[in-house]
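Here's the structure, in structure tokens; my notes come after.
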Amino acid sequence: MTDRTRGTLFIVAASILWSTGGIGIKAVTDSGLKVTFYRSLFAAIALMLFLGRNVWGRRQWKSTPAFVIAIISYAACLTAFVIATKWTTAANAIFLQYAGVVWVLLLSPIVLREPMRARDVIAIAMAMSGMALFFVGRFETRGMAGNGMALVSSVFFAALILVLRREQRAAQAAVTWGNVVCALAVLPFISHDLALTPRSFAVLAFLGVFQIAIAYVLFVRALAYVTATQASLTGMLEPVSNPIWVFLVLGEKPSAFAIAGALVVLAAIAWHTLGGEAAADLPAPD
């Protein structure tokens, strides 16, 4: 197995785990900020246990401006997405967040010196078109504040991918401390209401450990082997996987448009992956 294939498979696994977020967040009645706090708290604890000295050993990272930007982007991305999911439909939130793929494409040549190729542009255009088809009849104009929050999440999502790709040595620590910062920042707003029902505890623990911690460990490792554009494009498997969970949990069958859109997204990812370059083959970011 090549490094590129290994990296792509890591992102596929991370995307499947990420895709459980929408239905998980909707499954609890707790506020968006409360969900954000507990999900990040459980994720931080899990990452501290999983990664050990890679997190708190200063030999593994330095407090550079990029490291700080990664922490802020991570915390802001998670918070904005949870709030967006609460304020609008899960489909809207996921679709709009993945507008971040376009920002990654545009900024990679500047931030990472990864060239923008015609293949990248075509693949992302195909994937976004497939996603638009995928959400026919599901994307709603109501909840405009939630839609706006999802777009904010997309900006921080793109910034996070770019910085983690650039600062690979500190990436695991950045994700871990990002969860710590996120939980601490939200705590004052929900400190009067920390109680959880057994159902909420189980759902939020799952989201923290699996949907966030394990998924980001896989994603960070993948960034050593694939470009930022490839990583963000392959990550679009998340919205494709989301209706599978809806079908398995709620019994809601995907529409013909959804199936067609999913096939277009998968085709775009496969076409780009088969003809792309591994990150190791590109100049390392300064």
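What the pair-distance distribution of the range 208-269 shows, using all Cα-Cα distances binned every 10 Å from zero, is 19, 41, 32, 8 percent. Here is the tail figure for the range 190-239: Cα pairs spaced more than 13 Å apart come to 68 percent of all pairs. The distance between label points at Ala118 and Leu196 comes to 5.2 nm (points 7 Å beyond Cα on the Cα→Cβ vector). The alpha carbons of the range 117-269 stretch over 46, 41, 29 Å along the principal axes, in descending order. Sequence-distant contacts, meaning Cα pairs under 8 Å at least 6 residues apart, place the relative contact order of the chain at 40 percent. Residues whose amide H falls under 5 Å from that of Val226, counting only those 5 or more places apart or on a different chain, are Ala279, with hydrogens built in the peptide plane. Just the protein heavy atoms count here, and of the accessible area of the chain at 1.4 Å, carbon and sulfur take up 71 percent.
Labels on offer are (1) 14.5; (2) 21.4; (3) 15.8, and the one holding mean projected area of the Cα convex hull in nm² computed from this structure is (1). Once the 1.4 Å probe is applied to the protein heavy atoms, the chain comes out at 43 Å² accessible per residue.
Largest first, the extents of the alpha carbon coordinates of the range 142-219 on the three principal axes equal 40, 31, 22 Å. Here the spin labels are modelled as points 7 Å beyond Cα on the Cα-Cβ line, and at Leu106 and Phe50 they lie 3.2 nm apart.
In this rough spin-label picture, where each label sits 7 Å from Cα along the Cβ direction, the Ala270-Ala13 distance is 2.2 nm. Of the residues Ala118, Leu105, Leu133, the one whose Cα sits farthest toward the positive end of the charge dipole of the chain, with +1 on the Cβ of Lys and Arg and -1 on the Cβ of Asp and Glu, is Leu105. Here r is the Cβ-Cβ distance between Leu263 and Ala132 and R0 is 22 Å; the resulting FRET efficiency, rounded to 0.05, is 0.95.
Eight or more residues apart or on different chains, and alpha-carbon atoms under 30 Å: count the Lys pairs in the chain matching that.
On the way: Lys26/Lys34; Lys26/Lys86; Lys26/Lys253; Lys34/Lys86; Lys86/Lys253.
Lysine pairs satisfying the spacing and distance rule in the chain number 5.
The values are calculated or read from the model by the stated rules, or taken from the named source; none is laboratory data. The shown structure was predicted, so the numbers you read here are calculated from the model rather than taken from an experiment. Neighbour counts are summed over all protein chains in view; Cβ atoms, including those assigned to glycine, are modelled from backbone coordinates with ideal geometry. SASA here: full protein model, heavy atoms, side chains in, ligands and nucleic acids out. Shrake-Rupley method; radii C 1.70, N 1.55, O 1.52, S 1.80 Å.
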